[in-house]
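The block underneath contains the structure these notes are about, expressed in structure tokens.
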Amino acid sequence: MKITAQEEYGLRILIRIAGCKDAAGISIPQLSESEGLSSHYVAKLARVLRMGGFIKSTPGNKGGYLLAKSAKDIVIKDVLTVLGGEIFDKEFCGLHTGAMRLCTNSVDCSARSLWQMVQFVVNQLLVRITLHDLVSNETESSKNLGSLLKESLVLAE
């Protein structure tokens, strides 16, 4: 399982925007410098996040990007879905057929059961995490996420 660069950098940019205290928002050059990414790539990610309804741009020469809604209303599962999709989606099996046109295990596949379960568990956690939970220092975020994980494990029992 891998998190794509688009998912990682897109989430980091969204966290930066959420943490911005400037009423005009944070600009692409500022995001580019703070994340060590090209302005072109930051603009691409900002467009994806804007089209997903997570951020909005402020007009003018000193404009930038702001959250389109409260950080408490931005669910991380939704963000990751817009940035890259699911770990296991309906096309997964079609992309991993081997040398054949159809997967030899297309009817009876225990591996598919594993990936469906992994996706289910990941989704159950990600729907409980909001951007607000991540807009703090690493120690505080880790504490918040640890609490959410413990609650999820208790609910699963």
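Looking at this structure, is Ser32 at negative phi, open to solvent by less than 40 Å² (accessible area, probe 1.4 Å), free of Cβ contacts under 8 Å to residues at least 12 places away in the same chain and touching a Ser or Thr at 6+ places or on another chain (Cβ under 9 Å)?
When the stated conditions are applied, Ser32 passes them.
Going by the structure shown, is Tyr41 in contact with a helix residue (DSSP H, G or I) (Cβ under 6 Å, 6 or more places away or on another chain) and either open to solvent by 20 Å² or more (accessible area, probe 1.4 Å) or farther than 25 Å from Ile129 by Cα (or both)? Can you show your working first?
On the way: in contact with a helix residue (DSSP H, G or I) (Cβ under 6 Å, 6 or more places away or on another chain): no; either open to solvent by 20 Å² or more (accessible area, probe 1.4 Å) or farther than 25 Å from Ile129 by Cα (or both): yes.
No.
Take the residues of segment 78-93 that are at pLDDT 75 or above and not β-branched (Val, Ile, Thr): which is nearest to Arg128 (Cα to Cα)? Spell out how you get there, then give the answer.
Step one: filter segment 78-93 for residues at pLDDT 75 or above, giving 78-85.
Among the residues that remain, those that are also not β-branched (Val, Ile, Thr) are: 78, 80, 83-85.
Numbers: Asp78: 11, Leu80: 13, Leu83: 18, Gly84: 19, Gly85: 17 Å.
The extreme case among them is Asp78.
Scan segment 13-29 for residues that are open to solvent by 70 Å² or more (accessible area, probe 1.4 Å) and not hydrophobic (A, V, I, L, M, F, W, C) and jot them down. Before the answer, list the steps.
First, the residues of segment 13-29 that are open to solvent by 70 Å² or more (accessible area, probe 1.4 Å): 16, 21-23, 29.
Result: Arg16, Lys21, Asp22, Pro29.
The values are calculated or read from the model by the stated rules, or taken from the named source; none is laboratory data. Here the structure is a predicted model, which means the values were calculated and not measured. Virtual Cβ from ideal backbone geometry, glycine too; neighbours counted across all protein chains shown. Quick note on the areas: whole protein, heavy atoms, side chains included, nothing else; ligands and nucleic acids left out. Shrake-Rupley method; radii C 1.70, N 1.55, O 1.52, S 1.80 Å.
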